[in-house]
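Below is one structure, written out as structure tokens; comments come after it.
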Amino acid sequence: HAESLPPQIRFIVDQAGVALSDVDAVAVDVGPGLFTGLRVGITTAMSLAWALGVPVVTATSLELLAFAAATDGREVMAVVDARRGEVFHARYRRTSDGMTQMSSPAVASPAAVASSLATSAANRGDNVLVVGDGARTHIDVFRGIDGVDVAPTGFDRPSAAALVSLATPVVERGEFVDPTDVAPLYLREPDAKAKWDPAAGTPS
């Protein structure tokens, strides 16, 4: 990632006929996601913004997934495969100026998320669309719940197009983040830290 991302950025601006000096803000997906990819992407965004003297706009992977699939009035549960038998998830509703977060990003088992959706649908009559690679990976868990549909393929991963669409009105409103304040949304400890026993000085 570290070797390929900067040349890809250069290629994109060259193809678009835009100089880096013309950039007014940098938008970046802060996760949740895999640790290495998040660190490289966020560090690149921070470095680019710092070098250009421009602010940053952030969005989460879950927010981007929901935005791409959402229609007015219907709630969307974004579900990202977190591996280790877990998923990252959050619930959103699309509004005229972006997305409203209906539940905070969290990590849980697919069964726990599905159970929450089923209970919510039964108690409130919710109509929810589930999107993301976590939904596709664990589709058998989410399929068949009354009031819940799983999005078709094509909505599995966050897109740059969704990031631009979400970031543009935020930039226009001037709701920026200082590059030094950008932080990844991990939601859980990395595998290396989780398996390390400080007292023994060796992996547990």
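Express in nm, to one decimal, how much length is gained between ASP178 and ILE139 on full extension, taking 0.36 nm for each residue of separation and deducting their alpha carbon distance.
10.2 nm
Express the relative contact order of the chain as a whole percentage, based on alpha carbon pairs under 8 Å and six or more residues apart in sequence. Don't skip to the answer; put the middle values down first.
Working: 353 pairs, mean separation 46.5, N = 204.
Normalised by residue count, the contact order of the chain is 23 percent.
Using a 1.4 Å probe over the heavy atoms of the protein chains, calculate the carbon and sulfur portion of the accessible area of the stretch 83-151 as a whole percent.
Percent of accessible area from carbon and sulfur atoms in the stretch 83-151: 44.
Tell me the per residue accessible area of the chain using a 1.4 Å probe; a whole number in Å² is fine. Can you show the working numbers first?
On the way: 11100 Å² over 204 residues.
Each residue of the chain exposes 54 Å² on average to a 1.4 Å probe.
For the chain, just the Cα set please: Rg and Dmax, both in angstrom.
For the chain, the Cα-based Rg and Dmax read 18.5, 56 Å.
Residues of the stretch 11-44 with the amide nitrogen closer than 16 Å to a label point 7 Å from the Cα of LEU52, along Cα-to-Cβ, please.
11-29, 41-44, by backbone N distance to the label point.
When the Cα centres of the stretch 85-119 and the stretch 141-176 are compared, how far apart do they sit, in Å?
A separation of 12 Å, based on Cα centres.
When the Kirkwood radius is taken over all Cα pairs of the stretch 64-179, what Stokes-Einstein diffusion coefficient follows at 10 °C and 1.306 mPa s, in µm²/s?
Values: Rh = 14.6 Å.
It diffuses with D of about 109 µm²/s by this estimate.
At a threshold of 8 angstrom on Cα-Cα distance, excluding pairs fewer than six apart, so keeping six or more, what relative contact order does the stretch 69-111 reach in percent?
It rounds to 35 percent for the stretch 69-111.
State the answer as a single residue: which of HIS1, SER109, VAL150 lies farthest towards the positive end of the charge dipole of the chain, with beta carbon charges of +1 for Lys and Arg and -1 for Asp and Glu, about the Cα centre.
SER109
At 222 nm, what helix-only mean residue ellipticity would the chain give, in deg cm²/dmol to the nearest 500, using -39500 (n - 2.57) for each DSSP H run of four or more?
On the way: 8 runs with 81 residues, N = 204.
Dividing the helical sum by the residues of the chain leaves -11500 deg cm²/dmol.
Convex hull over the Cα atoms of the stretch 1-79, averaged projected area in nm²?
Numbers: hull surface 25.6 nm².
With the hull built on Cα positions only, its mean projection is 6.4 nm².
Is any helix in the chain, taking whole DSSP H runs, at least 24 angstrom long along its axis by alpha carbon and on average at least 0.5 on the Kyte-Doolittle scale, and which ones?
Within the chain the helices that satisfy the rule are 35-52.
Calculate the dipole size of the chain relative to its Cα centre from +1 charges on Lys and Arg beta carbons and -1 charges on Asp and Glu beta carbons; express the result in debye to the nearest 20.
Taking the Cα centre of the chain as origin, the dipole is about 440 debye.
Specify which residue in the list LEU20, LEU166, VAL40 is farthest towards the positive end of the charge dipole of the chain, using unit charges on the beta carbon of Lys, Arg (+1) and Asp, Glu (-1), about the Cα centre.
Projecting each Cα onto the dipole axis, the largest value belongs to VAL40.
The values are calculated or read from the model by the stated rules, or taken from the named source; none is laboratory data. All values derive from a computational prediction rather than experimental measurement. Cβ atoms come from the backbone with ideal geometry, glycine included; neighbour counts cover every protein chain shown. These accessible areas exclude ligands, DNA and RNA; they are computed on the full protein's heavy atoms, side chains included. Shrake-Rupley method; radii C 1.70, N 1.55, O 1.52, S 1.80 Å.
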